[in-house]
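K.L.:
I'd like to ask you about the structure that follows.
The values are calculated or read from the model by the stated rules, or taken from the named source; none is laboratory data. Keep in mind that what you see is a predicted model, and the values were worked out from it rather than measured. Cβ coordinates were reconstructed from backbone atoms using ideal geometry, including for glycine residues, and neighbour counts include every protein chain displayed. Quick note on the areas: whole protein, heavy atoms, side chains included, nothing else; ligands and nucleic acids left out. Shrake-Rupley method; radii C 1.70, N 1.55, O 1.52, S 1.80 Å.
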Protein chains: 6
Amino acid sequence: MNVVIRNPPRAPALAADALATHGVATTHEAQGRTGLLAAYMRPIFAGARIAGTAVTVSLPPCDNWMIHVAVEQCQAGDVLVVAPTSPSDAGYFGDLLAASLMARGVRGLIIDAGVRDIRDLTAARFPVWSRAIFAQGTVKETLGSVNVPVVCAGALIHPGDVIVADDDGVCVVPRREAARTVERCVAREAKEAAVRERLKRGELGLDVYGMRERLAERGLVYRDAAPEEA
Amino acid sequence: MNVVIRNPPRAPALAADALATHGVATTHEAQGRTGLLAAYMRPIFAGARIAGTAVTVSLPPCDNWMIHVAVEQCQAGDVLVVAPTSPSDAGYFGDLLAASLMARGVRGLIIDAGVRDIRDLTAARFPVWSRAIFAQGTVKETLGSVNVPVVCAGALIHPGDVIVADDDGVCVVPRREAARTVERCVAREAKEAAVRERLKRGELGLDVYGMRERLAERGLVYRDAAPEEA
Amino acid sequence: MNVVIRNPPRAPALAADALATHGVATTHEAQGRTGLLAAYMRPIFAGARIAGTAVTVSLPPCDNWMIHVAVEQCQAGDVLVVAPTSPSDAGYFGDLLAASLMARGVRGLIIDAGVRDIRDLTAARFPVWSRAIFAQGTVKETLGSVNVPVVCAGALIHPGDVIVADDDGVCVVPRREAARTVERCVAREAKEAAVRERLKRGELGLDVYGMRERLAERGLVYRDAAPEEA
Amino acid sequence: MNVVIRNPPRAPALAADALATHGVATTHEAQGRTGLLAAYMRPIFAGARIAGTAVTVSLPPCDNWMIHVAVEQCQAGDVLVVAPTSPSDAGYFGDLLAASLMARGVRGLIIDAGVRDIRDLTAARFPVWSRAIFAQGTVKETLGSVNVPVVCAGALIHPGDVIVADDDGVCVVPRREAARTVERCVAREAKEAAVRERLKRGELGLDVYGMRERLAERGLVYRDAAPEEA
Amino acid sequence: MNVVIRNPPRAPALAADALATHGVATTHEAQGRTGLLAAYMRPIFAGARIAGTAVTVSLPPCDNWMIHVAVEQCQAGDVLVVAPTSPSDAGYFGDLLAASLMARGVRGLIIDAGVRDIRDLTAARFPVWSRAIFAQGTVKETLGSVNVPVVCAGALIHPGDVIVADDDGVCVVPRREAARTVERCVAREAKEAAVRERLKRGELGLDVYGMRERLAERGLVYRDAAPEEA
Amino acid sequence: MNVVIRNPPRAPALAADALATHGVATTHEAQGRTGLLAAYMRPIFAGARIAGTAVTVSLPPCDNWMIHVAVEQCQAGDVLVVAPTSPSDAGYFGDLLAASLMARGVRGLIIDAGVRDIRDLTAARFPVWSRAIFAQGTVKETLGSVNVPVVCAGALIHPGDVIVADDDGVCVVPRREAARTVERCVAREAKEAAVRERLKRGELGLDVYGMRERLAERGLVYRDAAPEEA
């Protein structure tokens, strides 16, 4: 059955905003090394870092009709997540749909398919993470669903989850885990900030992390290069 | 037989210039969703948008001799199109050949293979769309042909056809279709401009395109998120 | 046996500095079209061009422990080369390790795996060439070796070899060949500079390189486009 | 938290057995074109067709420890489903684990990673669908979970779901949908059997499916090849 | 415009039959190393070797309607060639369509997309060369064309051309070149048969082909392994 | 310089013969999880298992001249290893070269490129592991070297090393390590044989390997499926 779920519960906006400041790598570590979408999901331009609540779209291959349906379900602070039911590189999304999403305050698009009008999207600074850039047009013939759980680029995403995206890729945080993940990010970054300062001053990670003993236990051998190697 | 065809008929320069303003996605739609080269053809730097008349080169794998032959057949407003007869990522093209093409007023290069000297080509703003960036050198041993029909990145290209290329990829317009395609691009963009304004003001595509009735006919169901989902 | 070789002989710093000015394509040609790493090794940002002496790391898949060990073996002018013993796209390297390497004067990283914290590395202008951008964390459980010969992205690299990297990719120059390769680069560039000037003035490569006779011997045919082709 | 769920509810064995007779393509169609795993999941030998109830394993990249844990949770009629949390082609599974699974009556393995000992597995006719064949060994250092929901090759799989696999690939049927999907498979095959007989006798699909009128409405034009095309 | 061309001229059946005995590699060499489809086109089972006259289908991505239309245009001795206008791995073809083609005497299918029902097609010995095996269903919504020139897996194919396919892949021979290509295949194989006998008796290709002098001219050096290498 | 090294020292024939009985996975483990060639190296037919001493060929892309040179350097018990200096899928090798190698007692071919005449090679049971099957012809224009160290599919191979290949892929054993690796294979297989028997009788790996305690230490939790999950 094809269904549009209206007003799914969303993660708190404050949690999403906080995760945007931490970025993908930290968020992924903070929730136990889970939640990454596949490495082939790349931004169409460098430098964007966003987080927002997911509005999800499950749609057929080479058919973008349901994206038009999904726009109406979006509100300010959302990120649109589009997952075809079969792999496709077609260009489901371009500058007209972006204009519509921007009018609603949507923060970006995550699409496990192709996107086009890159020049316009870049000029408008509307960030997109996609598996392909391809101008191939799509049809509007077959229904799908909006705000159902989807698998997008290998990750399970529920409507209302937090999506974090930056130059490192895309990470999903389950809605109920968002607040706790923010806390862990803060703790992790605090710890890393101290380490970073020591490393910048030239201290070695071997000492900062106290690795030397365990390396020796495992049997790591140091030796000088033999003279004949010179 | 290896042959160089001199002075093939070319699409009108005005048509090529006009298509450059419309870009790949619009051109592709305007000619009935045909003409796209494969999505793996990517620009070496962002932001270029060109169109020009094709000078085509069919050459053996890992051998760039015929590109030197093709330069002589190029004139101002052309785009060089290079297609090996067998897949290759070798670097057939670099800054010296670019200098030669720029001296003749050639607008860019489309090559279903590798390219090198990216730093110099970028500094000179000579746009290239290629399947790979790779420094591997080629030899000059075996003949090919110039200005014969070629299959480049999955698309059939005749000499004199219009090549349109931008951040979305590359599209070919058959020579005799160029003028008609410009007309259709203009009509399409006029229509889209009006839609774009409405979408920017916040109207929904569902209403602008009048999709609601057909969605209902197909059986799309709307329902509110269940409380227990919260 | 897992071993860390201290103070391997390194190519002369002057040779590395000189090769950085010539870049990957010229270096590759100057040493007889050898030494290129696979084309999938791409820079995380455009425009960097470096050369330095290799400190090599052989490590297990999905485990970055040995990078911490390798940092201590690095000195100013080095380039860190990381090669997993089995293919992996995991993110072995991020901004903390970069801070540590920068504190020691290391010029860049070559890694046949994934890298993360792209935003920070770009802001710090620490150049990395990698096979993937991916935030997936790694563990610190299994030993590897430092400063042993490694195969990285298809190329054999010994500690102390010169690594040259720019927008075209990455090239290795054997330590004992570095000085000779510089000489050949200089000679090649001198020759190319003269050719470049002639090509920029509009002379054809066919004439500059004297190719016409050999093309005719091989049987290349020129003919005008038939009228019916118009 | 790493957890092993014991005795999850399983789809009825009769439903699994029935789906094995229908195969992947029919099952996929019968449940509305959903449930397929990615096309890169290929059998290690041709001709196997199985169905069984899923025991799922989520584990770290390059670490197969949890497969040993999962074996204990398997019973006759199960299919083991293994999904690393990050992409890996390492060889997580070989003939010893197969011996263990066969001793418990497990029907096959679905693994979004690599497998090895192909020769032995083939001789024992233990069917495996995998993304790679690769002998690379794995470690036993890091925990994962057994019988939690996993995303395997792009599909969401819960413990107890039915897995159907044959030469066409792999399809998952949600546990509660298994009985209904069997009914739909039976209905579909009955319909197809009648069509198949007519097609074998030489009737055209155009007539059997009554397509001619709709094709004409859409504007399909028939014409004879022009004489000059001869 | 979407069009079905009826009764295009076909290459002589005798030529197709002859080319089947020579196979892909010989045919490709005999026509000057041209005509190969991309290496990703693989047979669904080993050992088939066919040749026949092409009936071509150009159709939209993820839509197999036009295959049903094309069946009517097929006659005994044909090979069906299917090329989507945009890349797709969907399963456009299965056992019902195969039953229909076999009833008409079609020799096989070449499809630059996915195929399913591999088990049934293998049992029926209906040979298919495809880019993917995938069960994903397609729709029947959008028109395409039959018996127009298509680019299939990188090769230009006209209706009536000869398609040769075996375990090495797929090759196309232009209709008017078929007879001449047969002659060249026969000549080539006669020459190779004599060489093969000499090689089987232990003569070296270096002598049979008289390569030693040219190798020496090019500067090839022979030397014995140094004792210290032992 | 292009060179042919005659009579390089070879690993003992007995060691190679022994490794063939152990196969790739065991050999790879026995030498510390090293030596595997990339997973894309696949056999052209299933079921072959060979080992032999390497005769190595380094040659240019799309040029197979040096294979003819290498044949003369082969003797009974060798395996030919071919590595282009730049990636290529061209068909460097077919039935004529196979006839020549078989006449000399060569056991198989490892080629990081394409191969053709699959039908004939299969009929003759001449085993080949390659990265592609492709009929594209090559030229004979440019020299390379024979019996120099090569990087083949990511692995460093010296002439005289042992090559082991079976359905799992390809593994290289350094010449001087061959005897010791045989010993370790024997020890490993003895240990595995005992384990295999216990597993076949239904004992669990958890008990056979004594894993339960360490799993508990790491914090693995077992719990029964909740009733509401049913």
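K.L.:
For the stretch A:136-180, name all the residues that are among the hydroxyl-bearing types (Ser, Thr, Tyr) and part of a loop (DSSP other than H, G, I, E, B).
P.N.:
A:Thr138, A:Thr142
K.L.:
I need the full set of residues from the stretch B:78-129 which are within 19 Å of the chain's Cα centre (by Cα), among the small types (Gly, Ala, Ser) and outside any loop (DSSP other than H, G, I, E, B), in order please.
P.N.:
Scanning the stretch B:78-129 gives B:Ala83, B:Ala98, B:Ala113, B:Gly114.
K.L.:
Residues being more than 20 Å from F:Val221 (Cβ to Cβ) and β-branched (Val, Ile, Thr): count how many of those fall in the stretch D:61-81.
P.N.:
2
K.L.:
Consider B:Ala76 carefully, then state whether it is farther than 20 Å from B:Val3 by Cα, facing another protein chain (nearest Cβ under 7 Å) and open to solvent by 10 Å² or more (accessible area, probe 1.4 Å).
P.N.:
No; evaluated as a whole, the condition is false for this residue.
K.L.:
So is F:Gly169 within 9 Å of chain D (Cβ to nearest Cβ) and at pLDDT 95 or above or not?
P.N.:
Judged against the criteria, F:Gly169 is a match.
K.L.:
Right, next: When you scan the stretch B:50-66, do you find a residue that is part of a strand (DSSP E or B) and in contact with a His (Cβ under 8 Å, 6 or more places away or on another chain), even just one?
P.N.:
Checking the stretch B:50-66: at least one residue is part of a strand (DSSP E or B) and in contact with a His (Cβ under 8 Å, 6 or more places away or on another chain).
K.L.:
Whether any residue in the stretch C:203-222 is in a strand (DSSP E or B), at the interface with another protein chain (Cβ under 9 Å from one of its Cβ atoms) and surrounded by fewer than 16 Cβ atoms within 10 Å (Cβ to Cβ) is what I want to check. Spell out the reasoning first.
P.N.:
Of the stretch C:203-222, the ones in a strand (DSSP E or B) are C:221-222.
Within this subset, residues satisfying the condition of being at the interface with another protein chain (Cβ under 9 Å from one of its Cβ atoms) are C:221-222.
Right, trim to surrounded by fewer than 16 Cβ atoms within 10 Å (Cβ to Cβ) and you get C:221-222.
Within the stretch C:203-222, one or more residues are in a strand (DSSP E or B), at the interface with another protein chain (Cβ under 9 Å from one of its Cβ atoms) and surrounded by fewer than 16 Cβ atoms within 10 Å (Cβ to Cβ).
K.L.:
Any idea which of E:Ala51, E:Ala46 is under 19 Å from the mean Cα position of the chain (by Cα), at pLDDT 95 or above and open to solvent by less than 10 Å² (accessible area, probe 1.4 Å)?
P.N.:
The unique qualifying residue is E:Ala51.
K.L.:
I've got another one for you. Pairs under 6 Å by beta carbon, first residue acidic (Asp, Glu) in the stretch F:58-84, partner part of a strand (DSSP E or B) and modelled with pLDDT of 95 or more, six or more apart or different chains?
P.N.:
Cβ pairs passing all conditions: F:Asp78/F:Gly52; F:Asp78/F:Thr53; F:Asp78/F:Val55.
K.L.:
Additional query: On the basis of being more than 9 Å from chain D (Cβ to nearest Cβ) and at pLDDT 95 or above, does E:Trp65 make the cut?
P.N.:
In short, no.
K.L.:
Another question about this same structure. State yes or no: is D:Ala99 away from chain E (no Cβ under 14 Å), more than 30 Å from C:Lys140 (Cβ to Cβ) and touching a helix residue (DSSP H, G or I) at 6+ places or on another chain (Cβ under 8 Å)? Even if it seems obvious, please write down each step before you answer.
P.N.:
Details: away from chain E (no Cβ under 14 Å): yes; more than 30 Å from C:Lys140 (Cβ to Cβ): yes; touching a helix residue (DSSP H, G or I) at 6+ places or on another chain (Cβ under 8 Å): yes.
Judged against the criteria, D:Ala99 is a match.
K.L.:
Tell me, which residue of the stretch D:106-133 that is closer than 25 Å to D:Asp161 by Cα and within 10 Å of chain F (Cβ to nearest Cβ) is surrounded by the most Cβ atoms within 10 Å (Cβ to Cβ)?
P.N.:
Here the residue is D:Val115.
K.L.:
Further, regarding this structure: Can we say C:Ile50 is within 16 Å of C:Asp167 (Cα to Cα) and not acidic (Asp, Glu)?
P.N.:
On the way: within 16 Å of C:Asp167 (Cα to Cα): yes; not acidic (Asp, Glu): yes.
Against the criterion (within 16 Å of C:Asp167 (Cα to Cα) and not acidic (Asp, Glu)), C:Ile50 qualifies.
K.L.:
Next up: Counting only residues that are more than 7 Å from chain B (Cβ to nearest Cβ) and of a type outside the set (Asp, Glu), which one in the stretch C:191-200 is most open to solvent (accessible area, probe 1.4 Å)? Let's see the steps before the verdict.
P.N.:
We begin by selecting, within the stretch C:191-200, every residue more than 7 Å from chain B (Cβ to nearest Cβ); these are C:191, C:193-194, C:197-198.
Okay, now just the ones that are also of a type outside the set (Asp, Glu), so C:191, C:193-194, C:198.
Details: C:Lys191: 151, C:Ala193: 45, C:Ala194: 60, C:Arg198: 85 Å².
It comes out as C:Lys191.
K.L.:
Go through the stretch C:134-156 and count every residue that is over 14 Å from the mean Cα position of the chain (by Cα), crowded, with 24+ Cβ neighbours inside 10 Å and either closer than 28 Å to A:Pro43 by Cβ or more than 11 Å from chain A (Cβ to nearest Cβ) (or both).
P.N.:
5
K.L.:
When only residues in the stretch B:10-28 that are surrounded by fewer than 24 Cβ atoms within 10 Å (Cβ to Cβ) and within 14 Å of B:Ala76 (Cα to Cα) count, which is nearest to the other protein chains (Cβ to nearest Cβ)?
P.N.:
Selected residue: B:Arg10.
K.L.:
When you look at E:Ala54, is it more than 8 Å from every other protein chain (Cβ to nearest Cβ) and farther than 22 Å from B:Arg33 by Cβ, yes or no?
P.N.:
yes
K.L.:
Continuing with the same structure: Give all pairs with beta carbons closer than 6 Å in which a residue from the stretch A:3-26 that is farther than 29 Å from C:Gly94 by Cα meets a residue that is of a type in the set (Ser, Thr, Tyr) and at pLDDT 95 or above; count only pairs at least 6 apart in sequence or on separate chains.
P.N.:
Short answer, once both residue conditions are applied: A:Val3/A:Ser145; A:Val4/B:Tyr222; A:Arg10/A:Thr53.
K.L.:
Is there a residue in the stretch A:180-190 that is surrounded by 20 or more Cβ atoms within 10 Å (Cβ to Cβ) and either of a type in the set (Val, Ile, Thr) or at pLDDT below 95 (or both)?
P.N.:
yes
K.L.:
Assuming F:Ser86 fulfils every condition listed in (1) at pLDDT below 95; (2) of a type in the set (Gly, Ala, Ser); (3) touching a helix residue (DSSP H, G or I) at 6+ places or on another chain (Cβ under 7 Å) apart from one, which condition is it?
P.N.:
(3)
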